[in-house]
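All remarks here apply to the structure that follows.
Any read-out appearing in this document is the output of simple, stated calculations on the displayed coordinates, not a laboratory observation. Worth saying up front: this structure is predicted, and the values here are computed from it rather than measured. We place every Cβ from the backbone using ideal geometry, glycine too, and count neighbours over all the protein chains shown.
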Amino acid sequence: MTWASRSAAPRCVGSCWPRGALAAHALVDPLERCGLRGKRTRIVELYTSPPDGATVVCADELGPVIPRTFPPAPGWSPDGHRIKNELDYSRGPEKTWVYGALRVRDGHEVTMTATSRNSAFYQQFLQLVEDANPVGDIYVITDNLSSHNSMSTRTWLEEHPRIQHVFIPVGACWLNLQEGWWRIFRKTALAGRSFGDRNHITHATEVATAQLNVRARPWIWGRPAPPTRRLRRRYVYFL
């Protein structure tokens, strides 16, 4: 706002801000303030400061995965040419969905393949997640699909009170760490491979999950600290 003169300033200020409008207000919970986006804040807090004794899990579905030949991972051949593969596009009836749940504290993954993405298979998958984490509450961070929040699923969750859903906001899939694990999974299980039927995809999923769990590491929210640079020749830096 630009003041025309000094004499006009007090009148404008008085009309714009009534007396007492700038007084101190009561404190509001940061998670409830619309300006701080409470849903995102809660998810980040589960990553950085999870409740004592609780397990934070990121869940998502990959698919549909159709039996076909997948292109190899991006790279270069020994003679310097980029690796290429013929395009194999198909939309056959044999569709497979891969359910995945990433345990954030140690990077352990639970996967399951299904012929459809519905409430029944999702409840079956949640049972596997619960069996893999027998102690404490389980916070499942996932998107708000119809199968995740259906009446059937909510009824099932009433019988399993340890599992609590934490839905990510619309357009914020980057909050789900399972998306990052899918990228590693595609390179390990699908890239450069040819699948003839649904059973081949299930077998590749089981093998890739077992291999990745062997070398699993904790997933940390945010950019990791840069490695400390060691001074190999200390006297050079004092010249």
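General observations
- Taking 0.36 nm per residue of separation and subtracting the current Cα-Cα distance, fully stretching the chain between residue 118 and residue 40 would add 25.5 nm.
- Nearest-0.05 FRET efficiency for residue 172 and residue 207, computed from C-beta distance (R0 35 Å): 0.65
- Inter-probe distance in nm under a simple model that places probes 7 Å from Cα toward Cβ, at residue 159 and residue 228: 5.4 nm
- Difference of contour (0.36 nm per residue) and Cα-Cα distance, residue 49 to residue 128: 26.0 nm
- Summing charges over neighbours of residue 108, with a neighbour being any other residue whose Cβ is under 12 Å away from its Cβ, gives +2 when K and R count +1 and D and E count -1.
- Chymotrypsin sites (Phe, Trp or Tyr not before Pro) lying in DSSP loop within segment 154-197, provided at most 14 other Cβ fall within 10 Å: none
- Our estimate of slack between residue 144 and residue 220, defined as 0.36 nm per intervening residue step minus the Cα-Cα distance, is 25.0 nm.
- Ordered by the count of other Cβ atoms within 10 Å of each Cβ, fewest first, 151, 112 give 151, 112.
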